[in-house]
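Below is one structure, written out as structure tokens; comments come after it.
The values are calculated or read from the model by the stated rules, or taken from the named source; none is laboratory data. Model, not experiment: these values are computed from the prediction. Glycine gets a Cβ as well: all are built from the backbone with ideal geometry, and neighbour counts include every protein chain shown.
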Amino acid sequence: MIHQKHVDFYINQFRSGKIKFNQERKDLIDYLERDVLSRDDVYFDDKMIDDCIAYGEKWFFPLEPFQKFLIAFVFFYFKKNDRNVYRKFLWMLGRGGGKNGLLSVVLNFLQTELHGINDYNLSIVANSEDQAKTSFEEIYNVIKRNKTLQKAFEYGKTVITGKKTGSKLRFRTSNGDTKDGLRDGAVAFDEIHRYESNKDVKVHISGLGKRKHPREFYVGTDGYVREGFLDNMKEKAKRVLKGTTRFNALFPFICKLDSEEQVNDSELWELANPMFHAPMSEYAENLFETVYEEYEDLEDDPSNREEFMTKRMNLPVTDLERSVASREEIMATNRPIPEDELIGREAIGCLDFANIRDFAACGLLFRNQGDYVFKTHSFARKQFVDIYYGYSRKASEETRERFAPIREWEQKGLLTVVDEPTINVSHVVNYFVQARQLYGVKYIIADNFRMDLLREPLENEGFEIIVIKNPRAADSLLAPRIETAFANGNIIFGDNPLMRWYTNNVLVKTNSDGNKVYLKKEEVRRKTDGFKAFVCGMWKADELTEYSVDEDFDLLDGLDF
């Protein structure tokens, strides 16, 4: 077992009960002792670690034990070739936990002659310029206040350069107008919860590897974007900690509450914010008072609970008074669709065609062994997804945050983007005509909106149309059935992130009479079409049989007339 004083100290603080760890940090220690510190082909560069800590404490602020622990693994190498063991670092803490301050220390130190790599350029990337400038401006202000540092750095409003190494630090936005041109040694991504996919990340890290010891830092607090880049990175972190992937694929330091109930015990808040360990620093005491005041305010304004839990406690929670199902229940729909068992089976055609200028969703609802199985396909108009999701933009041309990876879903066959003034009804008709070749589609259910366009072409193809004339009344009637199905894990969407996105976007509003209706959490970008189609199917779900139409024909073939 190899040792490093700051690593040992932090682990011993936990083992002795002086500080509290959430489950991910407990798993981190187990993983380090099992898969990393037990190796004999790696080493800590103790001098570099001490230099970095001393630099940070001299010019920035006193460092906490967890920050020194994290710095140690930044300068952790293989003996054979001095290659750094970890290239990717994930630091997730509750808001105010000191992640940006630590990032400032490390990035600025990597520019210095103490690090000793010439032209080791660095970029700080975030969705907004203000956030990208957070650490940059902290470094700028530290240099501006100290004449000694001014001799070591050239500092401007856009670039800070180490005079002896020539290492440049810049800030960039994720749309990346200026992302080309630097051969970065390290890239730091802030506000990682706002990335929809790894598309922009890949662009920014494409220049890494041309300098010794390339590094990627991913820092932030959890957020509201699901099925995106951060969720994928958290899954990778789980695999690393469990030992089911390459041991050094990622260094994951995740601080969060283990359960929602723990928020009611302020002594457990250090699970999410490691600054809150005893004895607290002056900074931590002031921050704790602020957080406690925010917590007390929840009694008067519980609508802020989702924000408080997500940002302060790093634990996104689903407000079940406002959402169809919890995150876990929605993810539980990701079960394989039993394709072979559904051939010839009776199905309900489902349709949501509310706005012919943006999205339309078709679907087929089956019953199978007590489950509701929903197969769906959507159509989206190109101009709409260009404007609101950047569908046609190249990475270098993106100028706004993307809300959904439309092109990725299109490549998976989950939707079709059509370049038309409005979504042509023929797409919907053809979907059900083709579906009827495999399944027993007796009728198609939709609400009454836009059915004036669809009724005749569907009836001309021989489909029976059932129109829900009062969709809100249907929502109220079906809500208990749908909530129960989610809670019991009886809904199967298959591996369909588009359908999970639709469902996550639904706002449940409870009326004064206690009835629930399904609305949108955000009117324009957060679409719900696929879920509304599913609701239509649930209107007649009890009439579905679980046997195949082909079985009837087999029975008839066996009769001797």
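The rows are residues; the columns are (1) at pLDDT below 90; (2) under 21 Å from Ile19 (Cα atoms); (3) among the acidic types (Asp, Glu).
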position: Val201; (1), (2), (3): yes, no, no
position: Gly209; (1), (2), (3): yes, no, no
position: Val240; (1), (2), (3): no, no, no
position: Gly243; (1), (2), (3): no, no, no
position: Ser259; (1), (2), (3): no, yes, no
position: Ser266; (1), (2), (3): no, yes, no
position: Phe276; (1), (2), (3): no, yes, no
position: Glu282; (1), (2), (3): no, yes, yes
position: Glu289; (1), (2), (3): no, yes, yes
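Beta carbons closer than 8 Å, at least 6 apart along the sequence or on distinct chains, pair a first residue in the range 364-393 that is closer than 30 Å to Gly344 by Cβ and of a type in the set (Gly, Ala, Ser) with a second that is assigned to a strand (DSSP E or B) and at pLDDT 90 or above for Ser378/Phe359; Ser378/Ala360; Ser378/Ala361; Ser378/Cys362; Ser378/Leu415; Ser378/Thr416.
Given (1) more than 13 Å from Ser104 (Cβ to Cβ); (2) surrounded by fewer than 18 Cβ atoms within 10 Å (Cβ to Cβ), where does Ser167 come up short, assuming only one miss? Against the list (1) more than 13 Å from Ser104 (Cβ to Cβ); (2) surrounded by fewer than 18 Cβ atoms within 10 Å (Cβ to Cβ), Ser167 comes up short only on (2).
Run down Phe384, Phe379 and say which single residue is in contact with a strand residue (DSSP E or B) (Cβ under 6 Å, 6 or more places away or on another chain) and modelled with pLDDT of 85 or more. The match here is Phe379. Looking at the range 109-119, is at least one residue modelled with pLDDT of 95 or more, more than 25 Å from the chain's Cα centre (by Cα) and small (Gly, Ala, Ser)? No, that holds for no residue. Across the range 301-333, the qualifying residues are those that are outside any helix (DSSP H, G or I), of a type in the set (S, T, N, Q) and surrounded by fewer than 20 Cβ atoms within 10 Å (Cβ to Cβ), and the one among them that is modelled with the highest pLDDT is Ser326. Quick check: anything in the range 60-72 assigned to a helix (DSSP H, G or I), basic (Lys, Arg), in contact (Cβ under 8 Å) with a residue 12 or more places away in the chain and closer than 19 Å to Val219 by Cα? Yes: the range 60-72 contains one or more residues that are assigned to a helix (DSSP H, G or I), basic (Lys, Arg), in contact (Cβ under 8 Å) with a residue 12 or more places away in the chain and closer than 19 Å to Val219 by Cα. Condition test on Arg39, is it charged (D, E, K, R), farther than 19 Å from His115 by Cα and surrounded by fewer than 17 Cβ atoms within 10 Å (Cβ to Cβ)? So Arg39 passes the test. Count of the range 223-263 residues, restricted to those that are touching a Gly at 6+ places or on another chain (Cβ under 9 Å) and in a loop (DSSP other than H, G, I, E, B), is 3.
Taking helices (runs of 4 or more DSSP H) as the structural unit, those lying wholly within the range 429-513 and holding at least 3 residues that are under 35 Å from the mean Cα position of the chain (by Cα) and among the charged types (D, E, K, R) correspond to 471-487.
Just so you know, in the range 135-151 the residues that are touching a strand residue (DSSP E or B) at 6+ places or on another chain (Cβ under 8 Å) and either buried (at least 17 other Cβ atoms within 10 Å of the Cβ) or outside the structural domain of Glu191 (by TED's automatic domain parsing) (or both) include one that is farthest from Lys164 (Cα to Cα), and it is Ser135. Just one residue in the set Ala487, Ala435 is loosely packed, with under 15 Cβ neighbours inside 10 Å, hydrophobic (A, V, I, L, M, F, W, C) and either in contact with a strand residue (DSSP E or B) (Cβ under 8 Å, 6 or more places away or on another chain) or more than 30 Å from Gly390 (Cα to Cα) (or both); that residue is Ala487.
Applying the criterion of being modelled with pLDDT of 90 or more and of a type in the set (Gly, Ala, Ser) to the residues of the range 387-439, the residue that is farthest from Phe374 (Cα to Cα) is Ser426. Evaluate the range 101-115: report whether one residue or more is assigned by TED's automatic domain parsing to the domain that holds Arg215, surrounded by fewer than 21 Cβ atoms within 10 Å (Cβ to Cβ) and aliphatic (A, V, I, L, M). Yes, some residue in the range 101-115 is assigned by TED's automatic domain parsing to the domain that holds Arg215, surrounded by fewer than 21 Cβ atoms within 10 Å (Cβ to Cβ) and aliphatic (A, V, I, L, M).
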